[in-house]
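Values quoted throughout were computed directly from the atomic coordinates according to the rules given, and no laboratory measurement underlies them. Not measured: the values here are computed from a predicted model. Counting neighbours? That spans all protein chains shown, and the Cβs are built from the backbone with ideal geometry, glycine included.
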Amino acid sequence: MENVFIMDHPLIQHKISMLRDENTGTNEFRKLVEEIGILMGYEALRDLPTELVEVTTPLETCMTPMISGKKLAIIPVLRAGLGFVNSILTLVPSAKVGHIGLYRDPETHAPHEYYCKLPENIEERIAIVVDPMLATGGSACAAVDFIKQKGGKNIKFMCLIAAPEGLEKLHKEHPDVQIYVGHLDRCLNENAYICPGLGDAGDRIFGTK
Ligand code: PRP
Ligand code: URA
């Protein structure tokens, strides 16, 4: 599928396996999410535009590439997306951070928005939407719809684990969005949880139940 990138790096796979383990506690879970976010961010930002700038080394002056003016916006879907924010900021410290608050209705699994604040000039930025779980795809589609309504054009989506159903929905509704997936899992269960998955990502990152 064009614009869909499923990671196969052994470090990412190993760390996702550790996350899945029900015995992995909150502290370790949060650290692993951040580490995987750095590894995946490295891939997801591989096409950032660069421009040649003049730098003087101790030996001579040369033209050398630096990330060019296109500003990056990191947009976590609350709550669980917060786990990836520091990962991307580690790679691009000058990025701005927007937030989209969505929760899934426990009965219908439909997303409900409760908060949205995006950086200025979103239409000029590369927006990377981060959320560990792509289950039915409802939250990811709502987040991308919202960013497009506000003028966003260049959008990426990054998740740890996707269900085939959610990946298909997001790709079908937004074929222009580049989707980065740590691992593609088997299916959704009757409660729209990803199987085998890792449980509720928000609860595991923040230690709630
Ligand atoms: C989780 C997850 C995604 C969403 C994915 O959030 O972080 O945002 O579910 O499911 P979907 O693809 O079916 O929409 P949740 O609604 O549990 O909120 P939380 O992060 O606040 O716990
Ligand atoms: N949200 C989660 O946190 N986990 C799932 O498996 C599905 C949605």
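Phi angles across segment 63-72 convert, under the Karplus curve 6.51 cos²θ - 1.76 cosθ + 1.60 with θ = phi - 60°, into 3J(HN,Hα) values of 9, 9, x, 9, 4, 8, x, 4, 7, 9 Hz, Gly and Pro given as x. Taking the average, over residues, of other Cβ atoms within 10 Å as the packing measure, peptides 177-183, 199-205 rank 177-183, 199-205 from highest down.
Helix 26-44 versus the longest principal axis of the chain: what angle, 0 to 90°, nearest 10, using Cα atoms? Value to nearest ten degrees: 50. For the chain, a Gaussian network of Cα nodes joined below 10 Å ranks M63, M40, M133 by mean-square fluctuation, and the top entry is M63.
When the helices of the chain are scored as -39500 (n - 2.57) per DSSP H run of n ≥ 4 and the total is divided over every residue, the value at 222 nm lands at -9500 deg cm²/dmol. For the chain, the relative contact order is 23 percent, taking Cα pairs closer than 8 Å that sit 6 or more residues apart in sequence and dividing their mean separation by the residue count.
Place a point 7 Å from Cα of F206 in the direction of its Cβ. Which residues in segment 76-106 have their backbone N less than 18 Å from it? Once the point is set 7 Å along Cα→Cβ of F206, 76-87, 98-106 turn out to lie under 18 Å by backbone N, inside segment 76-106. Rounded to the nearest Hz, the phi-derived 3J(HN,Hα) couplings of segment 154-166 under the Karplus curve 6.51 cos²θ - 1.76 cosθ + 1.60 (θ = phi - 60°) are 10, 10, 10, 10, 10, 9, 6, 9, 10, 8, x, 4, x, where x marks glycine and proline. Evaluating 6.51 cos²θ - 1.76 cosθ + 1.60 at θ = phi - 60° for every residue in segment 49-59, the Karplus couplings come out as x, 10, 9, 7, 10, 8, 10, 9, 8, x, 9 Hz, glycine and proline recorded as x. Annotation for T56 and R20: the two label points, set 7 Å from Cα along the Cα-Cβ direction, are 5.6 nm apart.
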